[in-house]
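Heads up: the structure comes next, in structure tokens.
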Amino acid sequence: MRELSISVYFARAVLRNAVAIGLDPMELLRKNRISPRLLLEEGARISIERYADLQVSTMLAMQDESLGYATRRLPIGTWSMMCHAVIGCETLGQALNRYCRFFQLFDSSPWPSFLEDEDHVRLRLQANDDIALQAWPVELMLFNAHRFCSWLVQEHLPVQAVNLSYPAAARPEDYRHMFLANPVHFEATHCELVFSTTLMEKRITQTEQGLRHYLRHPVLMMLTQDFPRNSWTAQVRDQIRHSLHEMPELGTVAEALEIHPQTLRRRLSVEGTTFKEIKNQLRRDTALHFLGKQGISIEEIAHRSGFSEASAFIRAFKGWTGLTPYTYRKGL
């Protein structure tokens, strides 16, 4: 599994409606080995596995797959039944249409709609007139739709635009990771994913057997799924990940990819990132991954994260999360 992390912004959002039905958020955090103190730190991050388990635990505790954000409770098993309803489709267009029709059965707001014209297909979120769309549930619904469609055809689907009708609620880097560097526009007229119509002819390649595996932990699957990608960001990440302990420089990675360093720098910029940012994200996510495992010393984690000295690692980690590695680990 790739070592990934996620902002505590998303953990706070998962727990936002728990208190209203009598649940103790602190208990849910501790059950999933997440330090409650982390949620007080603006820049803090948690491992993707912990976050995925927290989301599932909270859904089960609330008996609501919408986590209290929809106008009606979505019973546990809703997502699973949608998957079974869609898996028999032949094309992506059929699957996306059926996906929207399935959720429209629940008479719950917001709901997805399938809109098609000559050049574009839009998965647009609709709401009752008296319901204001909230940022996180909108982002979760669009994220789930994009990742599920990608899973169906086993490739990261390009999105022409992710339109959101409100100002950015999270950091730019979080939106980049959430929507795989596809363009995100804020304060738009609608909340929607915009696809090219040509994508709708793609064949569904997943099977019932693949679905059984997916449904073991669909939240984690969608957060960590990785299909072959040709983006320069993905290629650079792979090059660095394979030799993280040596921490290669831009020139070395460019040479391995058979491209001039300046050209690689420009292409990463077009994708909304930099070599330094990719390197720091990999170091941070690797550190968070190994801090969650017992029996590995801070010194060893520093080495595995590409640091030659533990002291440099500790300083960097505190800059990433607001905590030292020792304090972070105690909270797990």
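Here are some notes:
- Per the Debye calculation on the stretch 88-235 with a single equal scatterer at every Cα and no solvent contribution, log₁₀ I(q)/I(0) for q = 0.10, 0.17 Å⁻¹ amounts to -0.34, -1.05.
- Set against the labelled values (i) 19.1, 58; (ii) 20.5, 58; (iii) 23.9, 85, Rg and Dmax of the Cα atoms in Å computed from this structure falls on (ii).
- Ignoring lysines fewer than eight residues from LYS279 along the same chain, the ones with Cα atoms less than 17 angstrom from its Cα are LYS318.
- Global geometry of the stretch 232-330, whether rounded, prolate or oblate, following the gyration tensor of its Cα atoms and the 1.5 cut on a/c: prolate
- The string of couplings for the stretch 241-247 from the Karplus curve (6.51, -1.76, 1.60, θ = phi - 60°) is 4, 6, 9, 4, 5, 8, 6 Hz, one whole number per residue in order, with x for Gly and Pro.
- Working note: Karplus 6.51/-1.76/1.60 with θ = phi - 60° gives the stretch 278-283 the couplings 4, 4, 5, 5, 5, 4 Hz, where Gly and Pro are set to x.
- Distant-in-sequence amide contacts of THR91, defined by a placed amide H-H separation under 5 Å and a gap of 5 or more residues or a different chain, comprise ILE204.
- Scanning residues 5 or more positions from HIS120 or on other chains, those with amide H under 5 Å from its amide H are THR197, with H placed 1.01 Å from N in the peptide plane.
- Backbone amide hydrogens, once placed in the peptide plane, bring LEU157 within less than 5 Å of SER150, excluding anything fewer than 5 places away on its chain.
- Backbone HN-Hα couplings from phi across the stretch 33-45 [Karplus 6.51/-1.76/1.60, Hz, Gly and Pro as x]: 6, 10, 5, x, 4, 4, 5, 8, 9, 4, x, 6, 9
- Using Cβ point charges alone (K and R +1, D and E -1), the dipole size of the stretch 1-108 about the Cα centre works out to roughly 80 debye.
- Take every Cα pair under 8 Å whose residues are at least 6 apart in sequence, average their separation, divide by the length of the chain, and the relative contact order is 19 percent.
- For the chain, calculated [θ]222 nm from helices alone, where every DSSP H run of n ≥ 4 adds -39500 (n - 2.57): -14500 deg cm²/dmol
- This model, with +1 at the C-beta of Lys and Arg and -1 at the C-beta of Asp and Glu, gives the stretch 148-258 a dipole about its Cα centre of some 400 debye.
- Shape category assigned to the stretch 114-189 from the gyration tensor of Cα positions, a/c cut at 1.5: oblate
- Annotation: peptides 217-226, 134-143, ranked by per-residue average of other Cβ atoms within 10 Å with the highest first, follow the order 134-143, 217-226.
Bear in mind these aren't lab numbers, they're just calculated from the coordinates by the rules spelled out. Bear in mind the structure is a predicted one, so any value in this text is a computation, not a measurement. Virtual Cβ from ideal backbone geometry, glycine too; neighbours counted across all protein chains shown.
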